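Before any comments, here is the structure.
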Amino acid sequence: MGHGTGYRNERRSGVGDLMAIIIELDVMLAKRKMKLNDLAAAVGITPQNLSVLKSGRAKAVRFSTLEAICKTLSCTPGDLLIYQTEDEENEEK
């Protein structure tokens, strides 16, 4: 099952391991026709920090930030965060 162009996060615990969490902020921004800088301003975080989240390099996200993003984009956390196991990823290939 494909999930847009979201990014897979690299695990910090091992080289080459991937986390099963895919960030699809870029997909939702495109659907809402909103720019990253506009979302950052509306949410109250820096564009750089939002870019780290969007690219999948974030180690964590505050629930208050996730809530503000969801409120601004009129979506749910499930629209932004996708859980996909390695087995599911391999089925896509």
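Model label sites at S64 and N37, defined 7 Å from Cα along the beta-carbon direction, differ in position by 2.6 nm. Most tightly packed first, judged by the mean number of other beta-carbon atoms within 10 Å of their residues, the peptides 58-67, 22-31, 41-50 read 22-31, 41-50, 58-67.
We did not get these values from a lab; they are worked out from the coordinates using the rules stated. Predicted, not measured: the structure shown is a model, and the values here were computed from it. So basically every Cβ, Gly included, is an ideal-geometry build from the backbone, and we count neighbours across all protein chains shown.
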